[in-house]
Structures are given as C-alpha cells and as structure tokens.
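Okay, structure first, notes after.
Each value in this text was obtained by applying a stated rule to the coordinates, not by laboratory testing. Predicted model, so just to flag it, every value in this text is computed and none were measured. With ideal geometry, Cβ positions are generated from the backbone for all residues, glycine too; neighbour counts draw on all protein chains shown.
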Amino acid sequence: MDPTLLVVLISYFALVVGIGIWSAFRTRTEEDFLAAGRTIGPFVGGAVLAATQISAGTVVGTLGRHYLTGVSFWWAWFGVWSGWLVSALFVAPKLRRFGALTVPDYIAVRYNSERARALAGILILISYTIYLVAQFQASGEIALAVFGIRPLTAMLVIVASTAFYTLLGGVRSSSYIEFLQTLIMVAGVVVAVPVLLDHAGGVAQSISFLEGLDGRLIGWYYGPKEIIAFGAAFGLSIAAAPYEMTRFYSMRDERTVKQAIAVSIGFQLIIGLAVLAIGLLTRVLFPALASEDQASSIMAFEVLPPIVGALLIVAMLSAIMSTVNSILLVTGAAVAHDLYGKFVRPMASQAQLVFVNRVSIVALALIPVFFALQKYGDVQAIVVEQTKFIASFFFVPVVIGLNWRRGTAAGAVAGMFGGFLACLVWEFTGQRGFATHGIDAVEVGVVTSLILFVVVSRYTRPVPEENLRVFFPERGR
Amino acid sequence: MLGLLAGAAVALQLAAADVTIEIHPDSAVVQARYELAAERDSVRLSLIRLRGVSVTPDPGSGRWLPMTGGGGYWITAYSAQRTAYLRYVVTGDLSRIPVAVPEIPADPAEEGVALRVLGVNSTARLRDGFPRLEPGRDGWAVARLANVPSFVRLPPETGVLSASGAAQTFVVLLVAGSSVAWALYGWRRRRVGAV
C-alpha cells in the first residue's frame, strides 16, 4: 500500500477510535445516546446534516454518474435542496419543538397509534437496509480500485470500525467526527478540481473532448422527466428523512435547526459542483473505466498528489462510515425503542434498551453486507431506489401530517403501507414503461399515499386534541 | 429505474496494454499494443485532440475519423490474434502526449497497463506528471496502471511549482491550521463554561 495513504488512514482511524472512547464515558441515558444532550450548534449541526447527506451515494455514486452521464444529473440537486427547504419550513421546527427521539415516536404521538409506530419502525428497517447495501458496495469499489483487496474484507472493516464508535458513543461521537469528515471532504474535492483541470489542460479542451466522446455528456443525457423523477425521489425523501430528523433533535433549538439547514445547503453546493467537475474531468483523463463507481477512487489514487489523494480516499471512507453510523443509530433505535421497548417489553429499563439497541446495531450492520456482495446495481441506482421508498411511505404522514390536523391513525397506516406497496409494484411492473410514460415509481408511491391518507382520514375517527396540541398550538379545533 | 440508471456494463475485454512513448527534440513517437481478452476483428479507440499538438498516424494504424466538434479522433484499429497495434507521431507542444484509449475497459483488479516514456528530462519530478511515473531502467520512466489514460503529461522541471505541488502544500497547511483552530475553539468553550 502507498505509505502516504497508510499514514493518513491510520491517523484518521486512530482519531475516530479516540473520540469514540471519549464519548463512551459521557453517555449515560438513552436520550444522551441518541440526541447528544441537545447541545449541537448551527455550524456543527449544518456540517453534520451535510455529512449525513453527502454519503457514498454522493462521493462514489453521484461522481460516478457524472462520469458516465455528464452534466444533466446535476439538476437533481435542486430536488435535494427543495427537500431541505420543505424540511426547514414545515417539518424541522415542529419536530424539534416536539422533541421526540425517533420518527416512529412522532408517528405514535401525532396519530395516537402504536400500530402506526410499529409500521414506521418496520419500514425504516427495510429502507435503510437497502441504503446500507449501497454504502457497503461503495466501500467494496474503493477497496478494489485503491487497495486491490476483496470487497468482503473492506466491508467487514467498515462494519467493525463504524459499529465500534456507534456502539460506544452514539450521536455525540458521530456529530463531532462528522464535522471533521465534512471539512476533510470539502477540502479534498475542492482541491482536486484545480489539480485535475491543470492536468486536463483547461476547460475548453476538456469540454471539446467530452463532446466528441458523447455529445450528451455536456448536454442532456437525462431528459426533464427523468430529472424531475430523480429530484422528486431525493427531495421528497429528504423532506421526511428519518435519519436527518434525528439530527434535528440533537440541536439546541428551532432557530439553530433552520440555520443548520442553511449551512448544510452551502456545504452541499460546494461539494455538488466539485463532484460534477471531478466526474467530468476524470472522464477526460480515463475515458473507459470498467465501472463508473470507481471513478472517484481511480482519480484520487492515480491522479492526485499522494497526500491529497489519501485525504480524499479517507474522506470517501469517512462519508461511508458517517452514513452507516447515522443509519445504524436510526435502525437500532427503531428496534430497541419502537419495537422492543413498546411491544416486546414495555417495562424495559434504560440499561436494557441501550443493550438491545447495541445488539441490534451489530446485527443490522451485517445483513446488508450479504446483499452488497451480490451487486444488484450500481451505487447511485441503489441510493435512488431507497429514496423512492422513503418518500413513498414517509412524506405524506410526516410532512402533510405535520401541517394538516385532520390526518388520522388509520389514514397514516393506509398512507404508509399503500405508498410503499404502490412504489414497489410500479417499480417491478409499470416502471418498465417509464421511458415512454414518464411516470416514476416515486410519483406513483407518493400520490397513492396522499390519496389513501386523505380519503381514509376523512372517514375515520380524528386524533384526540391532546395529541394534536403539540403540533398545532396556534389554534384549537 | 435500475435499468434506467444501470451503468455502462461492458464486458472486460482488454487483457493488457503496452504503451511506449519516445520523446525526441521535435516530436514524440507513440507505439501501443493492446491485447484483447477475446478474439475480435477490430477495436475502437478514442484519442484526445490537445491544443497545439498534431498527430500523424502511421499507415496501417487503422481508420481515423475526427470526433464531432473536433475534440479528438475515433480510431478503428484492426486486430489479429487478439492484438491490435497503433503507431503515430506527435509534433508541436510535447508537454502532453495523447494516448489512444480502447472503448473496452481493463480489469480493475489488475494493473494491466504498462506505460513507458523515454526522453524525460532527468531533473524532472516524475511523480508530478500524469500519470505518476517512476524511474525505470535505461533512462525509461515507467508507470503501471489499471486503466489506459487519454494522455501522458510530462512531469515539470525541478523548481517549478505545479498545481499538484501547490495543492499538496495547501492541504498540509489547511490540516495544520484546522487542527489549531479546533483546539483553540475547544479551549475557548471550556473557558467560557468555567466562568
């Protein structure tokens, strides 16, 4: 292995382990474990949100997609930012005020239904297992391209190190590590752009060559309908994404949440533009890679100077660990808090809940490794699939439910289940006609969910006023 | 959507590539040999057109067609016994030498691409070029890669600050500066907390 890369890797992981151990001594209660004592400020919070958003799907998958398809995929970012704005205006303040630990907590209180809570918990488990597959697959691609080691080995190393600091410290450790990760990633990708541009001989020459390779790289590889579908999948899921929501709870107050979202969009804009440039320039330098998912690793390892390249590889692995950590926290909480604590053993002590949480984190980290080894699609494809499911079952009960008091428990259950099912069925049947019909599974899922939510809510018993008061304090019924 | 998003899944057909570049005072001669994993009549390659650089193919080096927009050439090289050969002469600005890249990718797990450059100035910083070169035998600078690059950028002379060098310096300073700022921030918070 390249000695510079080895030194940077060892230093970074030593830092991660150190902060993990430090955090373990400061984690006492379940709330401490999950929400970092609600002490995070706007800048750190924004970096954490950006780090949670900027995952392997971005650094490996999105960069690879730009490598393969060029500029047009970049417009999907507007869907991402629209999702953040919806979240900042209509979701985050109310959820922060409510102060629940998990999204199923919100579902249970808002709709006064333990049945809805259980369904939300199960759907979180399913969708994030898919997402973890993308993360582990990305780590495998990096390992193959950079270290020449088998993907399984890389995945197990990622699982072990991430589970370690997640188990020890929860959000408190990950919040501060993610702050550093985001800075490293921004520096890594931003610094990579001028180096690549210098190698490639300038913008005009690069564009001219890319146009020659495939005219769509600089123009429209994807049409408006496809871009809207990508944007909808990303935006609708982010507006209601459970793992970002957990981050809101760790921040000081509602104002901090809004500021953090603005900071986060700033980070994402910088990284998004850099990722676009890197994808295109890597195509200029290496026009025929075996897999677009290897573009980022190849660029970092073969093009950049050793320290910058090592830094970027560490940033990519950090992004994977960061996202894996976030998801493990949410899914672990769903099992321990929402399923075990509510249904299996309602009288469980804090110590028992933390124990179950930690055991489920280990189990939930290992299952996706199996699927990642099967390599069902490329990294970006898996990420998009997962966002479509999230949007289909959570957007309506979370975003609409927070802003329409008439939504009921039966409506929420019907909306979540129906949206999930519609998305799934369309994906495997009507989706084949997507190119001609221009109707994506996420659009079918969300619309189905909305119709079911509204219609069923209209004909079922309203939620008690004491449950609604938390979310609609401005007026009585 | 998986079908829509699925990447350019191309069968791995480039078993190995051997590219040699001989730099002369006014020109560079590029000879490339591509070994294919399976028998086929021809292989298509792309060649980037670099500013200030002229490329003259040898007779028998396949069929050359300019790309749309003039950014490069599409080359159809004919293969026999799973091997295709190309030879061309580059004149003009020799700081970057274009290399023909087969459309079929190589196996990422293997470093099957051998690149050798003769005539690089002995005082040049080999690792600042693209791709990173290492000193080889008999004055050759060499690199082993998993993929064929679209050009070779000759390393700069010692004493010239390259973008790579500047980036490296910037990153080192940034990491050091951030570490100090982080420590100061933590110290300040603890101090305020104590008060």
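Structural remarks
- A:292, B:110, A:466 arranged by Cβ crowding within 10 Å, fewest neighbours leading: A:466, B:110, A:292
- Here the Debye sum runs over all C-alpha atoms of chain B as equal scatterers in vacuum, and log10 of I(q)/I(0) at q = 0.11, 0.19 Å⁻¹ comes out as -0.61, -1.33.
- The Cα-based radius of gyration of the range A:184-338, divided by its Kirkwood radius, gives an Rg/Rh of 1.03.
- Cβ neighbours within 10 Å from other chains - mean over B:41-49: 3
- Dipole of chain A, positive end: most advanced residue of A:267, A:152, A:129 [Cβ charges, Cα centre]: A:129
- Using θ = phi - 60° in the Karplus curve 6.51 cos²θ - 1.76 cosθ + 1.60, the 3J(HN,Hα) couplings for the range B:43-56 round to 9, 9, 10, 10, 9, 6, 9, 9, 4, x, 10, 10, 10, 10 Hz; x is entered for Gly and Pro.
- Relative contact order for the range A:318-371: 42 percent, from Cα pairs under 8 Å spaced at least 6 residues apart, divided by residue count.
- Remark: relative contact order (the range B:1-157) = 27 percent; criterion is Cα-Cα distance under 8 angstrom and separation of 6 or more residues.
- In whole percents, the pair-distance distribution calculated for the protein assembly as shown from its alpha-carbon pairs, binned every 20 Å from zero, is 18, 49, 26, 7, 0.
- Ordered by the number of other Cβ atoms lying within 10 Å of each residue's own Cβ, fewest first, A:340, B:85 fall into the sequence B:85, A:340.
- Sequence of A:144, A:450, A:280 once ranked by neighbouring C-beta atoms within 10 Å, starting from the fewest: A:450, A:144, A:280
- When only alpha carbons are used to place a centre, the range A:384-398 and the range A:92-133 end up 12 Å from one another.
- Applied to the range A:395-402, the Karplus parametrisation 6.51 cos²θ - 1.76 cosθ + 1.60 on θ = phi - 60° returns per-residue 3J(HN,Hα) values of 4, 5, x, 7, 6, 5, x, 7 Hz, with x for Gly and Pro.
- Helical runs (DSSP H, four residues minimum) scored at -39500 (n - 2.57) apiece and divided by the length of the protein assembly as shown put the mean residue ellipticity at 222 nm at -18500 deg cm²/dmol.
- Between residue B:83 and residue A:150, the FRET efficiency estimated from the beta carbon spacing at R0 = 41 angstrom works out to 0.85.
- Spatially, the range A:259-273 and the range A:196-244 are offset by 18 Å when compared through their Cα centroids.
- Residue-wise HN-Hα couplings along the range A:270-281, as the Karplus relation 6.51 cos²θ - 1.76 cosθ + 1.60 with θ = phi - 60° gives them from phi, are 4, 5, x, 5, 5, 5, 4, 4, 5, x, 5, 5 Hz; Gly and Pro carry x.
- Other residues lying with their Cβ under 12 Å from the Cβ of residue B:168 contribute a combined charge of +1, Lys and Arg counting +1, Asp and Glu -1.
- For the range B:49-104, the Stokes-Einstein estimate of translational diffusion at 37 °C and a viscosity of 0.692 mPa s comes to 268 µm²/s, using the Kirkwood hydrodynamic radius over alpha-carbon pairs.
- Cα centroids of the range A:280-329 and the range B:41-76: 30 Å apart.
- Counted charge near residue B:15, where neighbours are those whose Cβ lies closer than 13 Å (Asp, Glu -1; Lys, Arg +1): -3
- Under a 5 Å amide H cut-off, with hydrogens placed 1.01 Å from N, residue B:79 pairs with B:42, B:43 among residues at least 5 apart or on other chains.
- Over the range A:346-477, the reciprocal of the mean inverse Cα-Cα separation, the Kirkwood hydrodynamic radius, stands at 17.4 Å.
- Hydrodynamic radius (Kirkwood) for the range A:253-401, which is based on Cα pairs only, to one decimal in Å: 19.0 Å
- Those lysines that a straight Cα-Cα span of less than 20 Å connects to residue A:375, excepting residues fewer than 8 apart in one chain: A:388
- Ellipsoid semi-axes in whole angstrom, largest first, where each is sqrt(5λ) of the Cα gyration tensor of the range A:356-410: 31, 19, 7
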